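Following: one structure in structure tokens, then a few remarks.
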Amino acid sequence: MTRVWRWNRPVTVREVLDDLRRERPIAYTTVMTVMDNLREKGWVRRRREGRAYRYEAVSTRAAYSAALMNDAWAASDNPAAALVAFFGMMSPEQEEALRDALRVVQPEGVHLDAPEESHGASER
């Protein structure tokens, strides 16, 4: 998927293969199988062009990442504990990205900052 997103255009198995071979040896059939698996999962679509297929991404990298996170969270037998563990692994940059994302979606009941200390009515 990274190669398809990077090019941001329909690609052939041969193009992906040639790009991957710059980094490591890999068989044409391996790339073809992966591309077909991605198509079956609905992440890419293909159209015939001559004797080859051109594959293009169905959604963005961000949507793909979100779906992976959602699948992992849904598979947990304790989603709250999974979220706590996930948040505990976040870097400061990831924490800031989470705060930014929460500001955009503004889900009900989610507090972005620690609540201010409230004083009881008798202390006012």
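Mind ranking 52-63, 79-90 by how tightly packed they are, going by the mean number of other C-beta atoms within 10 angstrom, highest first?
52-63, 79-90
Bin width 5 Å, origin at 0, all Cα-Cα pairs of region 1-117: what percent of pairs per bin?
Spelled out per bin, shortest first, that is 2, 9, 14, 17, 13, 11, 11, 10, 6, 4, 1, 1, 0, 0.
Of the candidates Ala101, Ala75, Ala27, which one comes out as most mobile in a Gaussian network treatment of the chain with C-alpha springs shorter than 10 Å?
Among Ala101, Ala75, Ala27, the largest mean-square fluctuation in the Gaussian network model of the chain belongs to Ala101.
Report the local net charge at Asn8: Lys and Arg +1, Asp and Glu -1, summed over other residues whose C-beta lies under 12 Å from its C-beta.
+3
Percent of accessible area on region 1-62 owned by carbon and sulfur, 1.4 Å probe?
The C+S portion of the solvent-accessible surface of region 1-62 is 48 percent.
The values are calculated or read from the model by the stated rules, or taken from the named source; none is laboratory data. Quick caveat: nothing in here was measured; it's all calculated off a predicted structure. For neighbour counting, all protein chains shown are included, and Cβ atoms are generated from backbone atoms with ideal geometry for every residue, glycine included. These area figures cover heavy atoms from the full protein model, side chains too; ligands, DNA and RNA do not enter into them. Shrake-Rupley method; radii C 1.70, N 1.55, O 1.52, S 1.80 Å.
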